Each structure stands twice: as C-alpha cells, then as structure tokens.
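The values are calculated or read from the model by the stated rules, or taken from the named source; none is laboratory data. The structure displayed is predicted, hence computed values, not measured ones. Cβ sites come from the backbone with ideal geometry, for glycine too, and all protein chains shown count toward neighbours. All accessible areas refer to the heavy atoms of the entire protein, side chains included, with ligands and DNA or RNA removed. Shrake-Rupley method; radii C 1.70, N 1.55, O 1.52, S 1.80 Å.
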Amino acid sequence: MANELTGDFDLVAEFSLPAVNRLLAAMHGTSRFPHSMSLRVDDIPQPPDRKLPTIVGIIDLAGDPVVGPGHIRVPAADLLLSSEPSDPFSRLGGLVNSGVISFPPFVPSELQGRAQMQFAPPTLEIADAAASRISVRMKVRTRYFADPNTPPATEFATGDIVLTTAVQQITSQAGNVVDIDLRSNAVQAAFVPTWTSRPLAAEDLAGINLLISNALKSSVLPSNNVLPSNIGAIRFKALQGAEQAIAILLNTTSAPGNPGTVQRVFLGGADFAFATGAETIQAAIQPALDEILATPIQPVQVSIPLLVTTLTATYTIALNSATLALETGRLLLTITGRATTPAGFAPNFNFTVRQPLTLAPDGSTADLVVGPLSLDTSSWIVDLFRGRATGPLSAARDRALQQSGVRANVRRMLDADRNLGGFLRSLLTPPRPTNEPAPEPLGFSLVYTAVDITPAGVVLRGALSVENPPTAHVEFAEIPSSTSDPIGGGLVKGSEYSAFKSWIPGGTIDSFEWKRAGSAQPGPLDERRFVLLPQPPVVSDGFVADSGPRAIAAFSPMCLTIRGTRLSSSGQIQLEPITASYCAFDWFPLLDAVSVDRHAMPLVALTRAGSRGEVEVVGHAPAMSDDTTLAAPNLILHFADAGDPGALERIREALAGSGRTDAPTSIVAILPAGQLAAARHLPGVLYLEQARDEWERVWNISIRQRPATVVVAQAGKVVWQHEGEIESSALRDTLRRVLVARRAVKKTMVTPLSRIGHPPPNFLFTVASGHDLTLRKLAGRPVVLVFWRTNARLSLDAARTAATSPPHPAWKNAVVLAINDGESADVAVKTGRADGPITIVPDPTRSISRAFGVQAWPTLVFIDARGLVRDVRHGLSVDDRAVDVAKAKDGYRS
C-alpha cells in the first residue's frame, strides 16, 4: 500500500517554485542556459537528403556569439554534414556525426535570416498539476534580419518564450543518467510579445511559434545529468496544493514507482522538504532492533524489604520483541521482555520498555537523538525493578545502536546532499570551455531547519542557497553601418553601439542607459533594445549636432549602465536590484604614420566632464598607431590660455559653418600642464597637456604667445596659423578654404583582447631574485593586472589603489601585478620600487601588453581565483562595473 507521504517511493524531495527558480537562475549564471545567441535561421523546405537544423548558433573562435550582425554568415551545408569538419568546428563542439540525428517531421515556417537573442533565466510555472504539466518561461530581447523575399517578421521584439509540456514528456532515465529532452511533439511553444518594432499580424506570430517549435525539434540536443550512485530510480512530478512544488521521487534500489501515488505537498513554507515514509525509516532502524534483541542483558538484583528482614532476588532478563512506531513528534521504540527469578518469594513478570527517539537537523542531514528510557509492568515489584534494570537496558540499547551503525545509516538516508547533491552539482556545472580544465560547479547548500515526525513518515524542511554568481557583465561594441555614407567630420552615418553580450548572470536586464562619461544629463534609456541606434540631431550647449560638419569626438569614454534584477542567492527568495556600468573610449590617430619613436610620443589624455563641468583626466592613450593604414584627420589645434574660455565654442561653430563635409576634422585643445582641471569640458574637443614644447615639436611649429590656433592637414602639414583671439566668421571662411579633403577617418573602439569568462594570456614574471613564476600558477587567488607607463602619471596610482583600496571586496587579497608597458626594466623597477604590496613586471618589448591588447594606461584586468578574466577597465574611476548593488558584500566568485 502506498505511503501517504511518499507513495511508491522511498524518498520524496519537494522544492518550492521560488527555490526551483533560484536553481534555474544559478544555472543561467553558469551558462548552462544561454544568455546571448547569434543565430542563422533556415526554416525553409529542404530536400530529404540534406536535412539541416532550423537554427545554427554562430560563434567566433573563442566560442562567444558574434556581435556584428554582418558576421552572422550562412554556414556551409557541406561543413555541417561533412564527416571531416574543420578543426575549429570540432574544437568548438560541432557534432562530427550530425547525420545520425533523426528529425521528427515538421512543417517549415518559411522564416530565413539572421537573429540575435538575449535570454533571461528561465522560470517555472505549473500549468496543470493534475496532468503534471509545467511551463518554462524565458524573457527575451530579439533582433531579426529577414533574408530577401522571406517573411519580414519584426526587427526588434521583447517578450516571453513559453514552453509547456508534461514533466514525464521531457525527462526520462536510462541507467544512471537523466535526460531532459525538449524535442517531443508534446512540447507546446509560443512567443508572447510585449513590444515589437513592427506590428505582428496573426500569421507572423504563428510563423514565429512554428519556428520555435521546429528549432526545438531539430536544433536542441538533450541535456544529460548523471545520478548519484546511491539512487536507483528517479521520477519528477508537479504538485499543487496550498503551495506549488516540483517533486523528485527517488528509490534507492527498487524500480521506479508510480508518480500518481504521490499527491501531497508538505513544504510548509520552506525552500525544500525531504520526506521518508514510515516503512523506510523502520527498515533503516531495524538493524538496531535486531541488535538489541541479540544483546544479552546483565542480571538485575532487586532487594525486597519484608517485615523483619530484606531479601535479594536476582532476575534474568529476556527480551521478546522490539518494534518501532512513528507517532506525532517522535519515533517510539517499544521493547517487551520477561524478568524471571528462582526466588520463590519474588514474582516473575512481563515488562515493557519505551524508548522515544527524535531527529535533530544537522546541516544537510539529521541526527538520531535518544530520549529518556521508561519501563512499565503490572507487577507490584516494578518500582524496585525499574531503578536497577534501566541501567543495563540503556547500556544494551547504546551498544546495539553503536554496533548496528544505525545512527550513520539514518544520517546517510536523510542526507539531502548525498541523495540530491550529485544531481544538483551536474546541473550547476558550467559547460567545459575548449582546451580548458573541467570547471568546478557553482556551490550550493541544502540546510535542514526543522523536522516533522508523523505516523506516515518523517519530513525535514530546509533552506536552499546557491553561491553568488559573477557580477553583471557589461560590454558593448561600435558597429558601423556598411551601407551609409560619410558625413561631416568623418563619422559614419548609421553607426550603432551593441550591448548584445552584456548580461546579468542569473538575472534579467530591464534597461540600458548610454551616455558619455561625466555627462550631467541622463543618456538615452532603452528598455526594449540591446542596441543604441543612431540618434537624431540634438542641441548640446547651443551646438546643433548635425547642423553641418562636426568635429570627430573621441578619447572621451562612452558608458553603458545596465539595470535589472536577479533572485537572491540565499535567505528569503526575493528579487534584488542590480546595477552595473562599463565605459570604453574610441580612438583615432592624431598623426599619420611618421618616422617618430612611438613610445617617445606625448600621450593623449582620456577625459570626461568632472562633477563641476571641469576637464577630468582618467587615463592616457597613444597619439598614433602602428597601423600605417589608419589616417589622421585635419586638426584644429588651439593653444589656449585662461583668458578666453569661449574660444573653443567659436572654433566649433566655425567648423559647423564651413560646409566642408568632405574634410574630417578634429578640434584639439592644448593646455599648459596643471591647467586642465581649471578648464571647462566641452563635448567633441580633445584635450592635451603640454609641460614644455613637446606638442609643438611633434608638429614642427613654434608658438610665441597664447592663445594661438593652428590648422594641420595631411602628413602633419601646417596650412594656417594665427596667434591671438579668433573670430568665428573669419575662421569659418579660413576653414572652408584650407581644410583638406580626405577619406573618412576610422574610429576604433578600444577593447581588450582578453575575453571575459576566459583564461587570460599566460606570461612569466619574477617574484624574487632568481625565482620566476607564470600567471597560471597564481590560480587559487584573485589577481589584478595593472598596465602602466611612467609618462601616464595616473597609471601607477591605479596599481597602488588596487593593492590598498580595491574596487570590490573580492579583490581585497588579490595579487597585484603592475606591468610596465614598453619601458626599460631599469625604469620600471626604479619608478615602482617603493610602491607597497605590488609586484613590478617589466615588459620592455610589449609582449605582455600586446597579448592583452593594451591601448591605454592604466588598463586593469581582474582575474578571479579560478583563473578567468572577470573584468577589464580603462582609466581611473571611469566605470563602475564592479558595483553590483545587490551583491556589494561578495559579488565576484572567488
């Protein structure tokens, strides 16, 4: 007969839906679920002999989804079907025997094109408890480019993908492996839009739903999870009562039971509960009962007072039976026996021993607790016998408990981690990156907090917590349009910023805010797209952005802030706010390739507007590139003084009025050293510092007095120079005449070569005289790399700050390696010798710097204890990516 708690099963574990969603969020944080995917969609009729998946993920050589939509290329059918695919295809997980996949028949949706999707963690809902049907819901942001002559659908959309099916339709057991397979025809797929950039007709939505269904059937492989060795059979079920729960039904040795026999929700408000039927508990304790019956009891002497004397009777104790019953609040061990004595003056009698047992929570299991023993009999001698007999009976009980090993057996039987830990660890183990050691699973804990003993069995209730996932990852790239024409100032019309690879591990992004660092005004806020599309003309400081040619703006960081939520990792399950930012600067050469020592060239300041609108320097970048194909623009150099703060506005107005849309131009303000902080930051202007005459020597000019304005054209040729104040209309006419037409200047977004979530390039460094170490050998401790130069004065400050005041508690005990970029070892060691708990790493040939793609100083690379890059920053106090509001106390995994 089925047990009312556990049905046909030995053990039943129930998880509340919030706890299940916490686990699903943790799986998303380990990339067990995708957070970003670039897809080639080909859901069109195909010949029977060349059946290809409906969708194919397009990734780069590092295994990351490609960001630029133009790089989502049509995969070659021969590559997907070949028995000898390319080496990158194999290394990145492509199936070499895809021809063996049997696709179920389906009707093509006729959709064909390129898609990008951002996924939030899935959440679970119970659609129909009676049929054990569940729904999995995932919030998505999508971008879709339809191929010519195919249904256009919509370019941008937000909404939910909802998959509904019966639990038993997607889970099955083969040996000790559980398969989760979404390819069944029983899986119902639907896209529920909340916003679309183009209205969707009913047939459009039907086509999208058909595409999702076909993709599940042809493009999604089963997910396999290994069971612990102590579990013989497993089933899953959805339950609904006062609470909703997902039940895991376990048998340790026998075949699977009937899930229909489990009907009761016993969570009692906990994250999870673990139930064991009375029969299973009794079987676990039976060895102790057998041992008690087999244990001899020492004879008991009883002194019996008579009228004139006291007589002693020696009783022999024989135990007849031992049974265990479950009552409300306790386990009751009942032992019956008989006490006999040859003394004729004392009676023989039967007795009953009652031994209560309880369970006390101890982490993921519970301990058997022995209560006070009691003895009863109907004989008049019981009061004399009880005091003498309880000692030997208690000793026999303790000896039996020890020799039978029942305490350890009960702990093992009730151990939630032993019974479910292996399964949960398999769910929380990140995918294995290519050519990297197997990653460790995300940590979790199952901790019992209460025990409920009933006649039907034992229920232990507890809390589920998971290790904090990594902090939010913010990343964006500038993607120029390939079809637009250049406009004034050499900018590419249609250029956009894509935050496609940004994500909150285990969380949902609610909005993207874009703005230049230091701007007092909020930037464009988008709750629907992960792309910043070209903005319409705006007025800033009286300057109409697209009213004519404008200066090329660069070296001022563009910042992205994402805001969202994720479930708390421990304690009460609730949504926590997450905010994270990242700033990156774009760059172009100030000089065409010339025969000048690049490392002797003065550096360009990376600036932003300070809190009072002043120019704030946050780092430095080179003025020229090793790439000789990159062209410098025309330059309007203004050697400023403190007497005319409006000169730069007049220069900007003159450029806008010149009409020279064919002449890319940048405005450069050159101020004496120490005066930048007193200047007002003007958008679109580059700021340089000059200690003596270093910038004059770069352009081979001589400035006798300030203010002075110089126009430099191609190959650094000075085409106009004026000393004294300038007048806007006169300068406008001059610029119309002297600016040199040239091809559009290419700006590049400075991005690191080291990938977030991947191991960094390895290198050798000296830790002590005669003792070298590689970066990989530091695994187990967090590491901060700080790239610096002596002429970028803020960069070595960054190394000191990382060592003494890290931006996040996770880096409090980090190893700080200060890598000197491109200067001699003597200079590096001498300059950084007295800088506290940092290790100076000379890099005179830039071997390390080039491997990391360093193009600014300081550049900081944060590496976690697992040896994976977690953050990259350019400049001081430029971004707040490490500020994860909800997890300020422990954020990064360590």
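Looking at the range 583-639, what strands (runs of 3 or more DSSP E) fall wholly within it and have at least 1 residues that are closer than 26 Å to residue 738 by Cα and modelled with pLDDT of 85 or more?
Details: elements: 604-609, 615-621, 634-639.
The strands (runs of 3 or more DSSP E) meeting that bar are 604-609, 634-639.
Quick one: residue 873 ticks every box in (1) modelled with pLDDT under 90; (2) surrounded by fewer than 22 Cβ atoms within 10 Å (Cβ to Cβ); (3) under 22 Å from residue 605 (Cβ atoms) except a single one, so which number is it?
(2)
Looking only at the range 641-652, decide whether some residue is under 20 Å from residue 854 (Cα atoms), of a type in the set (A, V, I, L, M) and either out of contact with any Cys (no Cβ under 9 Å at 6 or more places or on another chain) or modelled with pLDDT of 85 or more (or both).
no
A quick yes/no check of all residues on (1) surrounded by fewer than 20 Cβ atoms within 10 Å (Cβ to Cβ); (2) free of Cβ contacts under 8 Å to residues at least 12 places away in the same chain; (3) not hydroxyl-bearing (Ser, Thr, Tyr):
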position	(1), (2), (3)
245	no, no, yes
258	yes, no, yes
276	no, no, no
283	yes, yes, yes
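Right, residue 851: modelled with pLDDT of 80 or more, outside any loop (DSSP other than H, G, I, E, B) and crowded, with 19+ Cβ neighbours inside 10 Å or not?
The answer is no for residue 851.
Residue check: is residue 755 in a loop (DSSP other than H, G, I, E, B) and surrounded by 14 or more Cβ atoms within 10 Å (Cβ to Cβ)?
It is true that residue 755 is in a loop (DSSP other than H, G, I, E, B) and surrounded by 14 or more Cβ atoms within 10 Å (Cβ to Cβ).
Quick one: count up the residues across the range 61-82 that are at pLDDT below 75, charged (D, E, K, R) and either closer than 25 Å to residue 156 by Cα or within 30 Å of the chain's Cα centre (by Cα) (or both).
Number of matching residues: 0.
Can you pull out every residue in the range 296-310 that is more than 19 Å from residue 348 (Cβ to Cβ) and not in a loop (DSSP other than H, G, I, E, B)?
305, 310
Of the conditions (1) in a loop (DSSP other than H, G, I, E, B); (2) open to solvent by 70 Å² or more (accessible area, probe 1.4 Å); (3) in contact with a Ser or Thr (Cβ under 9 Å, 6 or more places away or on another chain); (4) not acidic (Asp, Glu), residue 767 fails just one. Which one is it?
Of (1) in a loop (DSSP other than H, G, I, E, B); (2) open to solvent by 70 Å² or more (accessible area, probe 1.4 Å); (3) in contact with a Ser or Thr (Cβ under 9 Å, 6 or more places away or on another chain); (4) not acidic (Asp, Glu), only one is false for residue 767: (1).
Given the conditions (1) at pLDDT below 90; (2) in contact with a helix residue (DSSP H, G or I) (Cβ under 9 Å, 6 or more places away or on another chain); (3) in a loop (DSSP other than H, G, I, E, B), report the number of the one that residue 760 does not fulfil.
So residue 760 meets the others, but not (1).
Has the range 674-691 got any residue that is more than 50 Å from the chain's Cα centre (by Cα) and surrounded by 14 or more Cβ atoms within 10 Å (Cβ to Cβ)?
no
Could you please find all residues in the range 735-765 being in contact with a strand residue (DSSP E or B) (Cβ under 6 Å, 6 or more places away or on another chain) and free of Cβ contacts under 8 Å to residues at least 24 places away in the same chain?
762, 764, listed by residue number.
Which of the residues spanning the range 696-711 are in contact (Cβ under 8 Å) with a residue 12 or more places away in the chain, under 53 Å from the mean Cα position of the chain (by Cα) and exposed (fewer than 14 other Cβ atoms within 10 Å of the Cβ)?
700
Take the residues in the range 386-410 that are under 14 Å from residue 374 (Cα atoms) and of a type in the set (D, E, K, R); name whichever of them is least open to solvent (accessible area, probe 1.4 Å).
Going through the qualifying residues, I end up with 397.
I want to confirm something. Restricting to the range 1-46 and keeping residues that are of a type in the set (Phe, Trp, Tyr) and out of contact with any Asp or Glu (no Cβ under 8 Å at 6 or more places or on another chain), which single residue is nearest to residue 119 (Cα to Cα)?
Step by step, filter the range 1-46, then rank; the result is 33.
Would you be able to tell me the number of residues in the range 1-25 that are of a type in the set (Val, Ile, Thr) and at positive phi?
0
Hey, among the residues in the range 712-729 that are of a type in the set (A, V, I, L, M, F, W, C) and out of contact with any His (no Cβ under 9 Å at 6 or more places or on another chain), which one's surrounded by the most Cβ atoms within 10 Å (Cβ to Cβ)?
Ranking the qualifying residues of the range 712-729, first place goes to 712.
Exactly one of these conditions fails for residue 370: (1) surrounded by 14 or more Cβ atoms within 10 Å (Cβ to Cβ); (2) of a type in the set (Val, Ile, Thr); (3) in contact (Cβ under 8 Å) with a residue 60 or more places away in the chain; (4) within 30 Å of residue 457 (Cβ to Cβ). Give me its number.
(3)
Working carefully through the options 441, 361, 455, 372, find the one that is farther than 23 Å from residue 262 by Cα and either among the basic types (Lys, Arg) or in contact with a strand residue (DSSP E or B) (Cβ under 6 Å, 6 or more places away or on another chain) (or both).
Details: 441 fails: either among the basic types (Lys, Arg) or in contact with a strand residue (DSSP E or B) (Cβ under 6 Å, 6 or more places away or on another chain) (or both); 455 fails: farther than 23 Å from residue 262 by Cα; 372 fails: either among the basic types (Lys, Arg) or in contact with a strand residue (DSSP E or B) (Cβ under 6 Å, 6 or more places away or on another chain) (or both).
When all the criteria are applied, what remains is 361.
Scan the range 305-330 for residues that are surrounded by fewer than 18 Cβ atoms within 10 Å (Cβ to Cβ) and over 58 Å from the mean Cα position of the chain (by Cα) and report the count.
The qualifying residues number 13.
Could we say that residue 293 is assigned to a strand (DSSP E or B) and in contact (Cβ under 8 Å) with a residue 12 or more places away in the chain here?
No; evaluated as a whole, the condition is false for this residue.
List the number of the failed condition for residue 742; all other conditions in (1) open to solvent by 20 Å² or more (accessible area, probe 1.4 Å); (2) at pLDDT 90 or above hold.
Only one criterion in (1) open to solvent by 20 Å² or more (accessible area, probe 1.4 Å); (2) at pLDDT 90 or above is unmet by residue 742, namely (2).
If residue 231 satisfies every condition in (1) surrounded by 15 or more Cβ atoms within 10 Å (Cβ to Cβ); (2) at pLDDT 85 or above; (3) in a loop (DSSP other than H, G, I, E, B) but one, which is the exception?
Among (1) surrounded by 15 or more Cβ atoms within 10 Å (Cβ to Cβ); (2) at pLDDT 85 or above; (3) in a loop (DSSP other than H, G, I, E, B), residue 231 violates only (2).
Exactly one of these conditions fails for residue 815: (1) modelled with pLDDT of 85 or more; (2) buried (at least 23 other Cβ atoms within 10 Å of the Cβ). Give me its number.
Here residue 815 clears every test but (2).
So, residue 547, is that one at pLDDT 90 or above, of a type in the set (Ser, Thr, Tyr) and open to solvent by 60 Å² or more (accessible area, probe 1.4 Å) or not? Don't jump to the end; show me each part of the working.
On the way: at pLDDT 90 or above: no; of a type in the set (Ser, Thr, Tyr): yes; open to solvent by 60 Å² or more (accessible area, probe 1.4 Å): yes.
Against the criterion (at pLDDT 90 or above, of a type in the set (Ser, Thr, Tyr) and open to solvent by 60 Å² or more (accessible area, probe 1.4 Å)), residue 547 does not qualify.
Can you say whether residue 783 is open to solvent by 20 Å² or more (accessible area, probe 1.4 Å), farther than 25 Å from residue 607 by Cα and of a type outside the set (Lys, Arg), as far as the supplied structure shows? First the steps, then the outcome.
Numbers: open to solvent by 20 Å² or more (accessible area, probe 1.4 Å): no; farther than 25 Å from residue 607 by Cα: yes; of a type outside the set (Lys, Arg): yes.
No.
Identify, by number, the condition in (1) at pLDDT 85 or above; (2) aliphatic (A, V, I, L, M); (3) over 30 Å from residue 22 (Cβ atoms); (4) touching a Phe, Trp or Tyr at 6+ places or on another chain (Cβ under 8 Å) that residue 111 doesn't meet.
Of (1) at pLDDT 85 or above; (2) aliphatic (A, V, I, L, M); (3) over 30 Å from residue 22 (Cβ atoms); (4) touching a Phe, Trp or Tyr at 6+ places or on another chain (Cβ under 8 Å), only one is false for residue 111: (4).
Of everything in the range 503-541 that's among the polar types (S, T, N, Q) and modelled with pLDDT under 95, which residue is surrounded by the fewest Cβ atoms within 10 Å (Cβ to Cβ)? Working first, answer last.
Taking the range 503-541 and keeping what is among the polar types (S, T, N, Q), we get 508, 511, 519, 521, 535, 540.
From what is left, the residues that are modelled with pLDDT under 95 are 519, 521, 535, 540.
Numbers: 519: 15, 521: 7, 535: 12, 540: 12.
My answer is 521.
When the range 334-353 is examined, which residues are found to be closer than 17 Å to residue 395 by Cβ and under 60 Å from the mean Cα position of the chain (by Cα)? Give the steps one after another, and end with the answer.
The initial filter retains those residues of the range 334-353 that are closer than 17 Å to residue 395 by Cβ, namely 335, 337, 339, 351, 353.
Of everything in the range 334-353, those that are closer than 17 Å to residue 395 by Cβ and under 60 Å from the mean Cα position of the chain (by Cα) turn out to be 335, 353.
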